Amino acid sequence: QVQLVESGGGLVQAGGSLRLSCAASGRTFSAYAMGWFRQAPGKEREFVAGITGSGASTFNADSVKGRFTISRDNAKNMVYLQMNSLKPEDTAVYYCAGKRQSLYSSMNPRDYDYWGQGTQVTVSS
């Protein structure tokens, strides 16, 4: 059992930056690959970025490639999403997710076992 809590969302102007944080419970954080997903009203939950348990490998969705960076600090049980050059279409609830099997990340939300409650990111034009 892993509990995830996101923070760092808020209102930001287009072109600005935000850093989302996800705090995880437990003593086996590195045993989980982590991901960030987002969901806007009326849309499916979509993959944003993923990272393996060790942090050695990351993968970003095309929509955020070059703008967002996922990272983790296993000593602090934290995963982050640095979001730069934000666009109005980035507006969504952002979710932190964890999956068993730390060696591989996934862009499929069905592969993830644990989810946070989400944090709202709103980007104004």
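Magnitude of the charge dipole for the range 35-118, about its Cα centre and with charges confined to Cβ atoms of Lys, Arg (+1) and Asp, Glu (-1), is about 100 debye. Please name whichever of 123, 39, 22 sits farthest to the positive end of the charge dipole of the chain, dipole taken about the Cα centre and charges placed at Cβ: Lys and Arg +1, Asp and Glu -1. Highest projection toward the positive end goes to 22.
Keeping the other protein chains in place, figure out the carbon and sulfur percent of the accessible area of the chain, with a 1.4 Å probe. Walk me through the numbers on the way to the answer.
Numbers: 3030 of 6540 Å².
On the chain, the fraction of accessible area on carbon and sulfur atoms equals 46 percent.
Listed by chain and number, the aspartates and glutamates whose alpha-carbon sits under 15 Å from that of residue 87, ignoring those within fewer than 8 places in the same chain, are 62.
Working from label points 7 Å from Cα in the Cα-to-Cβ sense, the residue 31 to residue 54 distance is 1.8 nm.
Classify the range 75-125 as rounded, prolate or oblate, taking a ≥ b ≥ c as the square roots of the eigenvalues of its Cα gyration tensor: rounded when a/c is under 1.5, otherwise prolate if a/b is larger than b/c and oblate if not. List each step's numbers first, then the result.
On the way: a/c = 2.21, a/b = 1.87, b/c = 1.18.
Here the range 75-125 falls in the prolate category.
With contacts taken as Cα pairs under 8 Å at a separation of at least 6 residues, the chain carries a relative contact order of 37 percent. As a rough guide to protection, the peptides 18-24, 51-57 ranked by mean Cβ packing within 10 Å, highest first, stand as 18-24, 51-57.
Counting only protein heavy atoms and a 1.4 Å probe, the chain has 52 square angstrom of accessible area per residue.
The values are calculated or read from the model by the stated rules, or taken from the named source; none is laboratory data. Keep in mind that what you see is a predicted model, and the values were worked out from it rather than measured. In this analysis, Cβ positions are derived from the backbone assuming ideal geometry, glycine residues included, and neighbour counts consider all displayed protein chains. Heavy atoms of the whole protein, side chains included, go into the accessibility calculation; ligands, DNA and RNA do not. Shrake-Rupley method; radii C 1.70, N 1.55, O 1.52, S 1.80 Å.
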